[in-house]
Amino acid sequence: MAERKRVTMKDIAGRLGLSINAVSLALNDRNGVSEETRRTVLNAADEMGYLDQTAKYVQTYSNRNICVLMRYRFFRDFRFYGRIVLGIEEEAKKSGYDVFINSFEEEGTIPSCVENKKVSGIIVVGKVSDSYLQMLKGYHLPIVLADHMSLLEATDSIMSDNKLGTFKLTAYLIRKGYRKIGYFGDAQYTPSTKERFQGYHEAMQEFLEIGGYEEGLEYVLRFSSLGNVEEKVISQDMEGLYEAFAAIREKPEALICSNDELAILLMKALQKNGYSIPEDIAVVGFDDIELSRMVLPALTTVHVSKKLMGQKAVQRLLGRMEHPKEAIERVVMNVEIVERDSVGERNSE
């Protein structure tokens with residue numbers, strides 16, 4: 001087999017129509033070329049395999065790149081996670097960085113850009129296990145979590161205030177006259193959904209004076225469905241969602257759903273089976289995705305600043321790069337209720 005031809009600076013210069021001197025200045029991170037030219041040269045050098053055969057320039061290349069890593073199921077969720085990634089890309093570009101977006105099906109898969117140290121930091125979007133986080137930390141790159149938080153692995157993170165959001169939602173429904181309020185969603189699916197259930201539960205206890213934890217839990221479980229419904233949302237299984245609703249022990253007057261996608265699909269399932277919203281049952285969501293404004297009735301929800309979350313993740317990552325020994329930061333972003341038409345006024349008994 002013929003040996004593969006070695007790529008040279010002359011090859012890179014020829015491909016880009018630049019002088020060899022300009023290519024050298026870019027690769028060595030020296031003055032004399034624009035930032036745009038430098039990035040063009042570094043990207044071409046990587047694509048052509050020059051960096052793999054000339055390791056001394058990898059550091060120059062990595063100083064301009066960030067890896068964004070997320071599960072494939074989150075990668076497909078452009079309504080929520082897509083907005084976070086948009087914020088990451090815009091903030092990274094503004095700060096002079098390119099973004100490599102990597103999705104994975106199975107934990108344990110490490111992107112080649114991380115393995116080969118071609119990035120200067122990692123932003124993990126959405127839930128990952130602590131064991132996978134430990135693997136990533138083994139590459140000694142700064143890491144920031146967006147829309148996720150690890151209780152075991154000390155890692156910078158940017159989260160929305162999930163607990164406060166459902167606490168506010170529950171209080172809002174009670175003010176509207178609802179009492180039989182349930183939670184619909186897998187409370188153990190992610191740290192976010194767990195916090196959202198906790199906020200709902202605590203508000204029910206505080207405002208309805210249910211009593212102790214066990215008594216309070218017994219009360220809210222009457223009106224709730226805490227089974228595995230996320231797969232039904234991913235597969236758009238309206239029938240399965242309605243079956244989960246039909247299995248609720250005592251029919252609720254209102255349901256707080258763990259996210260907007262679930263709430264919207266549940267509303268369609270309920271309407272298909274003869275329910276009017278909010279006349280028969282109120283439904284509220286969480287996240288304020290664009291579709292929540294377009295459905296009928298428009299969905300009452302909690303607004304999460306998704307794009308801003310991505311921007312803050314980049315800012316925290318750059319701060320971590322500059323000050324690697326600073327204390328870990330866990331940023332919790334405020335949330336607000338967006339009132340729409342899926343909730344009405346109800347006379348309490």
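The condition of being closer than 26 Å to I289 by Cα and either free of Cβ contacts under 8 Å to residues at least 40 places away in the same chain or open to solvent by 40 Å² or more (accessible area, probe 1.4 Å) (or both) holds for only one of Y81, Y72, that being Y72.
Scanning the range 55-69 for residues that are assigned to a helix (DSSP H, G or I) and either touching a strand residue (DSSP E or B) at 6+ places or on another chain (Cβ under 9 Å) or surrounded by 14 or more Cβ atoms within 10 Å (Cβ to Cβ) (or both) gives Y57, V58, T60, Y61, S62.
Residue-by-condition table, conditions (1) of a type in the set (A, V, I, L, M, F, W, C); (2) closer than 30 Å to L141 by Cβ:
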| position | (1), (2) |
| --- | --- |
| L241 | yes, no |
| K307 | no, yes |
| Q311 | no, yes |
| P324 | no, yes |
| E336 | no, no |
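Is it the case that some residue within the range 75-90 is out of contact with any strand residue (DSSP E or B) (no Cβ under 7 Å at 6 or more places or on another chain), within 18 Å of G310 (Cβ to Cβ), among the charged types (D, E, K, R) and modelled with pLDDT of 85 or more? Among the residues of the range 75-90, at least one is out of contact with any strand residue (DSSP E or B) (no Cβ under 7 Å at 6 or more places or on another chain), within 18 Å of G310 (Cβ to Cβ), among the charged types (D, E, K, R) and modelled with pLDDT of 85 or more, which makes the answer yes. Only one of the numbered conditions (1) more than 23 Å from K194 (Cβ to Cβ); (2) within 20 Å of the chain's Cα centre (by Cα) is not met by T155, and that is (1).
When you look at S342, is it open to solvent by less than 60 Å² (accessible area, probe 1.4 Å), in contact with a strand residue (DSSP E or B) (Cβ under 7 Å, 6 or more places away or on another chain), at pLDDT 95 or above and assigned to a helix (DSSP H, G or I), yes or no? No: the conditions fail for S342. For the range 297-339, a tally of residues being small (G, A, S), open to solvent by less than 70 Å² (accessible area, probe 1.4 Å) and over 14 Å from the mean Cα position of the chain (by Cα) returns 2.
Only residues that are touching a strand residue (DSSP E or B) at 6+ places or on another chain (Cβ under 6 Å) and not charged (D, E, K, R) were counted in the range 140-165, giving 12. Scan Q198, Q188 and give me the residue that is open to solvent by 50 Å² or more (accessible area, probe 1.4 Å), touching a Phe, Trp or Tyr at 6+ places or on another chain (Cβ under 9 Å) and assigned to a loop (DSSP other than H, G, I, E, B). Within the list Q198, Q188, the selection yields Q188. Restricting attention to the range 319-339, the residues that are without any contact (Cβ under 8 Å) to a residue 12 or more places away in the chain and in a loop (DSSP other than H, G, I, E, B) add up to 4. Within this structure, I101 passes the test of being touching a strand residue (DSSP E or B) at 6+ places or on another chain (Cβ under 7 Å), β-branched (V, I, T), closer than 30 Å to S129 by Cβ and outside any helix (DSSP H, G or I).
Taking first residues from the range 262-285 that are without any contact (Cβ under 8 Å) to a residue 12 or more places away in the chain and partners that are assigned to a loop (DSSP other than H, G, I, E, B) and open to solvent by less than 10 Å² (accessible area, probe 1.4 Å), the Cβ contacts under 9 Å between residues at least 6 apart in sequence or on separate chains come to Y275/I281.
Every test in (1) assigned to a helix (DSSP H, G or I); (2) open to solvent by less than 50 Å² (accessible area, probe 1.4 Å) is passed by E90 save one, and that test is (2).
Being β-branched (V, I, T) and closer than 24 Å to E47 by Cα is a property that V119 has.
The values are calculated or read from the model by the stated rules, or taken from the named source; none is laboratory data. What you are looking at is a predicted structure, and each value in this text was computed from that prediction instead of being measured. All Cβ positions, even for glycine, are placed from backbone atoms using ideal geometry, and neighbour counts span all protein chains on display. Accessible surface areas use protein heavy atoms only, side chains included; no ligands, DNA or RNA. Shrake-Rupley method; radii C 1.70, N 1.55, O 1.52, S 1.80 Å.
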